[in-house]
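Reading through the structure tokens given below for one structure.
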Amino acid sequence: MAAGQRARLAVELEYYSQHKPEWLAQKTGQYVVIKDTDLLGFYPDFEAAYRAGAASYGLDKDFLVKQITEPEPVFFVF
Amino acid sequence: MRIYHSPSRNLRDLKIHGPRLKITIGHPILESAPGQSLTSRQTRFTETDALIDTGAQRTVVAPEAVERIGLSKVNEAELRVVGGIKKADVYVASLQFPRCGLGTIEVIEVSCCELPHPLYRCLIGRDVLSRWVFTYEGPVGTWHITEEVDTGWVEPPEGFDPNL
């Protein structure tokens, strides 16, 4: 990675970590959409959240779509 | 209702290679996104072989397929795999099944991870299987998928009588 360039979604994931404690109280289970440090909103499912993000930020842009859960899930794959 | 039947081969084929199918992975399909049109962006798709894996909680795509399409990243997640836990990038994609006639999944999260099997670049996980009835018929070496289809039924307004 070039100097000064941050990993994709690093800013958004940091913003999520900072605000997760306050969101857990009211928004557990919902999906949050974040671009840089811009909070777009909270949505009931992934598809609704992604569609809202794509409409606001564009189809080809990275933005965070993350379900608010405690603890963070670990997915069994193989 | 849509039904896809796997080809009938010898019994060992299914036992050795498992239930697999051709799929097309691509950018999410969002024709209704306000202010956006499909022609305003590079829409790329790739066809690949996928293994139906009832042991996979989520659908997983190999890194080379993700890079070929240029998917947008939406999250990171931890995956429990043989040998421990791996941190994985999560992308948004669409999945199409053109050779099976099954319905397109327009928007889905897919995790990106190196896959241990050389033949498959995608594992179809239980997030996709939750949309289907999947029947594995080991004794005869076949399997099939049944999918409910939205029939577009329109209920007339309550009290509406066309003869009045």
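The values are calculated or read from the model by the stated rules, or taken from the named source; none is laboratory data. A quick note: this is a predicted structure, and the numbers were derived from the prediction, not measured. Every residue, glycine as well, gets a Cβ built from its backbone with ideal geometry; the counts of neighbours run over all protein chains shown.
Structure summary
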{"item": "Count - residues of segment A:31-56 that are farther than 22 Å from B:I105 by Cβ and not in a loop (DSSP other than H, G, I, E, B)", "result": "9"}
{"item": "Residues located in segment B:113-157, provided they are within 19 Å of the chain's Cα centre (by Cα) and among the small types (G, A, S)", "result": "B:G125, B:S130"}
{"item": "Residues of segment B:125-164 that turn out to be among the charged types (D, E, K, R) and within 25 Å of B:I16 (Cβ to Cβ), as a count", "result": "2"}
{"item": "Qualifying residue in segment B:131-144 (condition: over 27 Å from B:P63 (Cα atoms) and assigned to a loop (DSSP other than H, G, I, E, B))", "result": "yes"}
{"item": "Unmet criterion (only one of (1) free of Cβ contacts under 8 Å to residues at least 40 places away in the same chain; (2) under 25 Å from B:V60 (Cα atoms); (3) more than 10 Å from chain B (Cβ to nearest Cβ)) for A:E70", "result": "(1)"}
{"item": "Qualifying residue in segment B:70-91 (condition: among the polar types (S, T, N, Q), within 12 Å of chain A (Cβ to nearest Cβ) and within 15 Å of the chain's Cα centre (by Cα))", "result": "no"}
{"item": "Filter pass, B:L30 being surrounded by 18 or more Cβ atoms within 10 Å (Cβ to Cβ), modelled with pLDDT under 95 and either within 14 Å of chain A (Cβ to nearest Cβ) or outside any loop (DSSP other than H, G, I, E, B) (or both)", "result": "yes"}
{"item": "Some residue of segment A:58-65 being more than 9 Å from chain B (Cβ to nearest Cβ), closer than 28 Å to B:I124 by Cα and outside any helix (DSSP H, G or I)", "result": "no"}
{"item": "B:E109 in contact (Cβ under 8 Å) with a residue 24 or more places away in the chain, assigned to a strand (DSSP E or B), on the phi < 0 side of the Ramachandran plot and within 13 Å of chain A (Cβ to nearest Cβ)", "result": "yes"}
{"item": "Residue among A:F46, A:F63, A:F42, A:F76 that alone is surrounded by fewer than 19 Cβ atoms within 10 Å (Cβ to Cβ), under 21 Å from B:L30 (Cα atoms) and not hydroxyl-bearing (S, T, Y)", "result": "A:F42"}
{"item": "Of all residues making up segment A:33-57, the number that are touching a Lys or Arg at 6+ places or on another chain (Cβ under 6 Å) and more than 10 Å from every other protein chain (Cβ to nearest Cβ)", "result": "1"}
{"item": "Filtered residues of segment B:96-127 (kept if surrounded by fewer than 23 Cβ atoms within 10 Å (Cβ to Cβ) and either touching a His at 6+ places or on another chain (Cβ under 9 Å) or of a type in the set (A, V, I, L, M) (or both))", "result": "B:L102, B:I105, B:V107, B:I108, B:L115, B:L119"}
{"item": "Residue satisfying condition, being surrounded by 17 or more Cβ atoms within 10 Å (Cβ to Cβ) and either of a type outside the set (V, I, T) or under 19 Å from B:L30 (Cα atoms) (or both), within set A:E12, A:E22", "result": "A:E12"}
